[in-house]
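Each remark here refers to the structure printed beneath this line.
The values are calculated or read from the model by the stated rules, or taken from the named source; none is laboratory data. Keep in mind it's a predicted model, so treat the numbers as computed, not measured. Here Cβ is always computed from backbone atoms with ideal geometry, including for glycine, and neighbour counts include all displayed protein chains.
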Amino acid sequence: MEITVAFIAEAVNEGDFTVLDDFAHPELRDLSEPRVFPDGPAGLRAKVEALRRRMPDLYARIRDVRPGDIDSVQVRLEFAGTYAGDPMAPTGHDGRVVRWGQRHLWFFRDGRASAHVGRVDRAAIAAALRC
């Protein structure tokens with residue numbers, strides 16, 4: 001569980017991906033429908049980096065974290081961030097504060113996350129960004 005909390009605190013909240021090698025198994029797969037991130041540690045990193053680019057003040061608050069069944073961790077998060085968008089193509093979304101929830105189930109192999117199933121409250125994101 002500690003490595004999951006460290007990943008959220010360091011990579012998601014601070015943009016420091018040093019923890020990624022310890023957290024993500026090289027064969028990490030996202031089994032979510034729709035997908036939350038592309039497979040592999042590089043896909044997970046790219047997704048978090050993209051979120052942080054669009055919301056530089058992105059913060060994920062851990063609402064609940066607990067061990068799941070065998071070799072798994074369940075996490076419930078509350079995200080918040082101010083949409084910054086692309087400075088070369090400003091939109092009506094810029095400056096809007098977005099809040100949404102996420103639930104994740106991480107499965108571990110050899111001490112690292114090897115599979116993931118997650119749910120993102122996309123409706124809350126869309127509602128916050130409506131112009």
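Things worth noting here:
- Flag for Arg35 being assigned to a strand (DSSP E or B), modelled with pLDDT of 95 or more and not hydrophobic (A, V, I, L, M, F, W, C): no
- Filtered residues of region 51-73 (kept if under 18 Å from Phe107 (Cβ atoms), assigned to a strand (DSSP E or B) and out of contact with any Phe, Trp or Tyr (no Cβ under 8 Å at 6 or more places or on another chain)): Asp64, Val65, Arg66, Pro67
- Residue that is surrounded by the fewest Cβ atoms within 10 Å (Cβ to Cβ), among those in region 51-90 that are among the small types (Gly, Ala, Ser) and within 19 Å of Ala9 (Cβ to Cβ): Ala80
- The residue of region 87-106 that is modelled with the lowest pLDDT, among those that are outside any strand (DSSP E or B) and in contact with a helix residue (DSSP H, G or I) (Cβ under 7 Å, 6 or more places away or on another chain), is His93.
- Among residues of region 21-50, those that are surrounded by 18 or more Cβ atoms within 10 Å (Cβ to Cβ), among the hydrophobic types (A, V, I, L, M, F, W, C) and either within 14 Å of Phe108 (Cα to Cα) or in contact with a strand residue (DSSP E or B) (Cβ under 7 Å, 6 or more places away or on another chain) (or both), counted: 6
- Residue within region 26-49 that is out of contact with any Gly (no Cβ under 6 Å at 6 or more places or on another chain), within 15 Å of Met1 (Cα to Cα) and of a type outside the set (Phe, Trp, Tyr) present: no
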